[in-house]
Amino acid sequence: MKLKNTDALIIVDVQIDFCPGGSLPVAGGDQVARLMSGVAARFKVAGGRVYATQDWHPMGHSSFLDQGGPWPPHCVQGTMGALFHPELKLPIGTTIIRKGVNPEVDAYSGFLDSLLEESLKRNRVKRVFVGGLATDYCVLNTVLDALTLKFDAYVLSDAVAPADVKPGDGEAALEQMQKAGAKITTTEMVLATEP
Ligand code: VGL
Ligand code: ZN
């Protein structure tokens with residue numbers, strides 16, 4: 001495999017609230033931040049595009065427990081927890097995609113109510129490589145939408161981590177993405193490609 005300028009990296013929701021110490025922590029989230037930083041640097045060198053999605057909820061979002069939703073408050077606009085994890089190093093030129101802004105809608109996919117599809121198509125992207133948090137929510141839905149939109153989707157299986165609300169959810173999500181046509185690869189595989 002060789003990276004091309006029609007490849008894009010999508011870094012999903014590597015934010016303080018989804019990492020250990022945050023309000024909706026995913027085990028291993030900080031390790032994901034480090035792995036994705038390395039891959040992002042490689043994409044930059046290869047002329048590929050880098051996107052980073054950011055869960056970006058208004059206060060009182062419908063997905064929060066106090067509104068009858070399933071999640072503790074997280075990634076509230078303008079708070080520390082909504083910031084990208086400090087160990088996530090984004091190359092210059094990274095496109096930031098904010099989602100979950102509509103108070104009534106829980107946008108698990110980076111494609112929902114965002115300019116992600118338009119931007120990828122404008123940049124003639126064919127393949128998307130996806131890692132980040134959480135495997136069983138935002139990574140899953142972003143990858144499924146990418147496939148529906150006819151992108152070739154690759155999941156970086158070592159650089160994702162599940163919420164695992166039910167044990168096994170993360171594994172099931174990987175299987176679901178694969179069945180839908182995603183290819184499973186690793187950051188190591190990507191870093192081993194010729195520069
Ligand atoms: C996510 C739960 C709630 C995610 C976002 O990024 O996977 N999960 N909001
Ligand atoms: Zn959210």
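The values are calculated or read from the model by the stated rules, or taken from the named source; none is laboratory data. No experiment lies behind these values; they were computed from the predicted model shown. Virtual Cβ from ideal backbone geometry, glycine too; neighbours counted across all protein chains shown. For the accessible areas, the whole protein counts, side chains as well, though only heavy atoms, and no ligand, DNA or RNA atoms are used. Shrake-Rupley method; radii C 1.70, N 1.55, O 1.52, S 1.80 Å.
Summary table
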read-out: Wholly enclosed helices (runs of 4 or more DSSP H) of segment 91-195 bearing at least 1 residues more than 18 Å from T6 (Cα to Cα); value: 140-148, 169-179, 187-191
read-out: Members of segment 132-188 found to be of a type in the set (D, E), touching a residue at least 12 places away in the same chain (Cβ under 8 Å) and away from ligand 1 (no atom under 14 Å from the Cβ), listed by number; value: D152, D158, E188
read-out: Condition met for W56 (aromatic (F, W, Y), under 14 Å from the mean Cα position of the chain (by Cα), open to solvent by 10 Å² or more (accessible area, probe 1.4 Å) and under 20 Å from T142 (Cβ atoms)); value: yes
read-out: Output for segment 71-84, where each listed residue is over 17 Å from K99 (Cβ atoms) and either in contact with a Ser or Thr (Cβ under 8 Å, 6 or more places away or on another chain) or not in a helix (DSSP H, G or I) (or both); value: P72
read-out: Failed item, numbered, when P91 is tested on (1) in contact with a helix residue (DSSP H, G or I) (Cβ under 7 Å, 6 or more places away or on another chain); (2) under 22 Å from T135 (Cβ atoms); (3) away from ligand 1 (no atom under 15 Å from the Cβ); value: (2)
read-out: Members of segment 26-47 found to be surrounded by 23 or more Cβ atoms within 10 Å (Cβ to Cβ) and not in a helix (DSSP H, G or I), listed by number; value: V26
read-out: Among residues of segment 63-77, those that are crowded, with 17+ Cβ neighbours inside 10 Å and either more than 14 Å from ligand 2 (Cβ to nearest atom) or among the polar types (S, T, N, Q) (or both), counted; value: 1
